[in-house]
Amino acid sequence: MPSIFPIIIASIVVFSVIALVLIISGARRKKINSNSTQKNRQTIIREATKKLSQDPHNAAGLISLGELYYKEQLWDKAYPLYDTLLGIAVAHPEVDIFTAAIRQGICALKINKHEDSFKGLIQARKLQPDNFEVNFYLGQAFYLNKEYDKAIPLLKKAITINKEVQETYKYVGLALYKFHNFRESLPYLKRALDLNPDDKELLFAMADAMNESSNGDKALKIFMHLRPDPEFGAKSCLSAGIIHANANQHDKAILDFEIGLKHTQAPLDILTNIRYRLAHSYLAMSDITRALNILKEIQQTSPGFKDVQALIARYQELTQNANLQIYLISSQSDFIALCRKIVTIYFGKAFVKIIDITATNECTEVQTEIETSKWEDSVIFRFYRTTGSTGELFVREFHSRLRDLKAGRGLCFTAGTYTEEARKFIEGRPIDLIDKSGLIKILNKIDSKNPF
């Protein structure tokens, strides 16, 4: 048995030596091949450069050098070569027009020359309309050029030719989304996201498409997930805030908008829209001071934006008149309480009996019986919270209401104005129209510190 060990040791040594020799020889061959490849590359460049220095349109030189740079993905170097080849292809039969055309287009795309890519890609598609690369890259060119209606059919055709290239689904989904085909974009965006779940552009597009397709609950979760993102965070905060505001969850909307404003590098139009929405949410929460501060900031950064100037004028007035503030923006219960107070003081020392109060989204109506030392009658008070112009149609309807209830008199209040037609209609009829100026005179008679 001991005599076996020297044989085993000798065998191990032999195998080790053989393995070492193989490794060294392999490394030498790899080095030789690498040197050979580098030598071949240098030879190609040298010979092609020599030909092109003598004739810039030398087809052989352009083809060999273009082939080298294209395979190495040196797009900026390959592009001018294939652009030249495409230009001389008609006069040089040795130039493959399709190869020159498609490679000119692809190289142009890779170096962000979108407009120039159409020159080659459109020509290549005329030659091979069912080629995957032609449809994919031409569709991508139209997409990058924001011609989504032209990009969509090309990219869809690319998918029918080859379903395995996953990037195609991304471009189809985004093209459909940006062309406002929101519902149709969803399956493509989902397929693209399944393969690349961290793509924030796809995530935002998916959420926005969901929201536009009446699936706001799922969209909201994605928007809230994207709120911290430096690129899509501001837009996501704006979208999440709008969803919350539309659901009357203004406290949550305010949080969304405030997070959005922390993205100070976002485009000004996005930040301005966030501020505008934030101001409206503050107003909905009856926080006029903060709303005014935001509106004034918009006026400084984006003068003339929407109705900001009118809002500033309106709400600055409200800060100076607490009762007008209650009339316009307080809760329905506070508004009705204020209306009751107006009813009780309107006729001075009269005895007022409130028969009924009816409140709708459009107006609030108080039915009363009034008794003074000189007369008594059934009187209906109607209150509109609008600051706009109240027209003849509303006054006619109020007159019909008086007749139905057999009331002797009607008083109609608004924080805005009445049209000329409305004022003409009441001539000879038992209706008084009290506009903003008249309303403010009455409100000033009510103790703002203890109005109810």
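Residues of the stretch 330-349 being β-branched (Val, Ile, Thr) and either touching a residue at least 40 places away in the same chain (Cβ under 8 Å) or open to solvent by less than 30 Å² (accessible area, probe 1.4 Å) (or both), which ones? Break it down stepwise before answering.
To start, the set of residues in the stretch 330-349 that are β-branched (Val, Ile, Thr) comprises 336, 342-345.
Matches in the stretch 330-349: ILE342, VAL343, ILE345.
Modelled with pLDDT of 90 or more and open to solvent by less than 70 Å² (accessible area, probe 1.4 Å), is that true of ALA48?
Working: modelled with pLDDT of 90 or more: no; open to solvent by less than 70 Å² (accessible area, probe 1.4 Å): yes.
So ALA48 fails the test.
So how many residues does the stretch 238-288 have that are surrounded by 20 or more Cβ atoms within 10 Å (Cβ to Cβ) and among the polar types (S, T, N, Q)?
Count: 3.
How many residues, within the stretch 85-102, are over 35 Å from the mean Cα position of the chain (by Cα), assigned to a helix (DSSP H, G or I) and buried (at least 16 other Cβ atoms within 10 Å of the Cβ)? If you could, list the steps in order and put the result at the bottom.
Within the stretch 85-102, the first condition is being over 35 Å from the mean Cα position of the chain (by Cα), and the residues that meet it are 85-101.
Still in the running and assigned to a helix (DSSP H, G or I): 85-91, 97-101.
Pick out the ones that are also buried (at least 16 other Cβ atoms within 10 Å of the Cβ) and you get 85-86, 89, 97-101.
The qualifying residues number 8.
Looking only at the stretch 108-129, which residues are touching a Phe, Trp or Tyr at 6+ places or on another chain (Cβ under 8 Å) and more than 12 Å from ASN145 (Cβ to Cβ)?
Correct list: LYS110, ILE111, GLY120, ALA124, LEU127, GLN128.
Inspect the stretch 357-367 for any residue being exposed (fewer than 15 other Cβ atoms within 10 Å of the Cβ) and in contact with a Leu (Cβ under 8 Å, 6 or more places away or on another chain) and give the result as yes or no. Reasoning before the result, please.
Of the residues in the stretch 357-367, the ones exposed (fewer than 15 other Cβ atoms within 10 Å of the Cβ) are 358, 360-362.
Still in the list and also in contact with a Leu (Cβ under 8 Å, 6 or more places away or on another chain): none.
No, every residue in the stretch 357-367 fails to be exposed (fewer than 15 other Cβ atoms within 10 Å of the Cβ) and in contact with a Leu (Cβ under 8 Å, 6 or more places away or on another chain).
Being among the charged types (D, E, K, R) and part of a helix (DSSP H, G or I) is the filter; apply it to the stretch 51-73 and report the residue that is most open to solvent (accessible area, probe 1.4 Å).
Of the stretch 51-73, the ones among the charged types (D, E, K, R) are 51, 55, 67, 71-72.
Applying the additional criterion that residues be part of a helix (DSSP H, G or I) yields 51, 67, 71.
On the way: LYS51: 84, GLU67: 61, LYS71: 146 Å².
Restricting to residues being among the charged types (D, E, K, R) and part of a helix (DSSP H, G or I), the top hit is LYS71.
Evaluate the stretch 112-133: report whether one residue or more is more than 30 Å from LEU62 (Cβ to Cβ), open to solvent by less than 20 Å² (accessible area, probe 1.4 Å) and aliphatic (A, V, I, L, M).
Residues of the stretch 112-133 that are more than 30 Å from LEU62 (Cβ to Cβ), as a first pass: none.
No.
Does any residue of the stretch 367-378 turn out to be among the aromatic types (Phe, Trp, Tyr) and under 20 Å from ARG403 (Cα atoms)?
Narrowing the stretch 367-378 to residues among the aromatic types (Phe, Trp, Tyr): 375.
The next check asks that each one be under 20 Å from ARG403 (Cα atoms); those that pass are 375.
Yes, the stretch 367-378 has at least one match.
Can we say THR372 is within 20 Å of THR344 (Cβ to Cβ), surrounded by fewer than 17 Cβ atoms within 10 Å (Cβ to Cβ) and touching a residue at least 12 places away in the same chain (Cβ under 8 Å)? Even if it seems obvious, please write down each step before you answer.
Numbers: within 20 Å of THR344 (Cβ to Cβ): yes; surrounded by fewer than 17 Cβ atoms within 10 Å (Cβ to Cβ): yes; touching a residue at least 12 places away in the same chain (Cβ under 8 Å): yes.
Yes.
Is it true that ASP76 is in contact (Cβ under 8 Å) with a residue 12 or more places away in the chain and not in a helix (DSSP H, G or I)?
Taking the combined requirement at face value, the residue does not satisfy it.
Given the residues ARG290, ARG314, which is the only one that is out of contact with any Gly (no Cβ under 7 Å at 6 or more places or on another chain) and in contact (Cβ under 8 Å) with a residue 60 or more places away in the chain?
Values: ARG290 fails: in contact (Cβ under 8 Å) with a residue 60 or more places away in the chain.
After applying the criteria, what remains is ARG314.
Return only the number of the condition from (1) among the small types (Gly, Ala, Ser); (2) open to solvent by less than 60 Å² (accessible area, probe 1.4 Å); (3) without any contact (Cβ under 8 Å) to a residue 60 or more places away in the chain that ALA415 does not satisfy.
(3)
Out of curiosity, is VAL352 assigned to a strand (DSSP E or B), open to solvent by less than 60 Å² (accessible area, probe 1.4 Å) and under 15 Å from ARG409 (Cβ atoms)? Explain how you work it out, then say what you get.
Numbers: assigned to a strand (DSSP E or B): yes; open to solvent by less than 60 Å² (accessible area, probe 1.4 Å): yes; under 15 Å from ARG409 (Cβ atoms): yes.
Answer is yes for this residue.
Does the stretch 233-260 hold any residues that are basic (Lys, Arg) and within 20 Å of ALA205 (Cα to Cα), and which are they? Show your work before the answer.
Filtering the stretch 233-260 down to residues basic (Lys, Arg) leaves 235, 252.
If the condition is that a residue be basic (Lys, Arg) and within 20 Å of ALA205 (Cα to Cα), then LYS235 is the only one that fits.
Which count do you get for residues in the stretch 379-398 that are open to solvent by less than 30 Å² (accessible area, probe 1.4 Å) and closer than 15 Å to PRO430 by Cα?
Total satisfying the criteria: 6.
In the stretch 315-328, which residues are under 33 Å from the mean Cα position of the chain (by Cα) and surrounded by fewer than 18 Cβ atoms within 10 Å (Cβ to Cβ)?
Scanning the stretch 315-328 gives a single hit, GLN316.
The values are calculated or read from the model by the stated rules, or taken from the named source; none is laboratory data. Computed from a prediction, not measured in an experiment: that's the story for all the values here. Counting neighbours? That spans all protein chains shown, and the Cβs are built from the backbone with ideal geometry, glycine included. Only protein heavy atoms, including side chains, enter the accessible area calculation; ligands, DNA and RNA are left aside. Shrake-Rupley method; radii C 1.70, N 1.55, O 1.52, S 1.80 Å.
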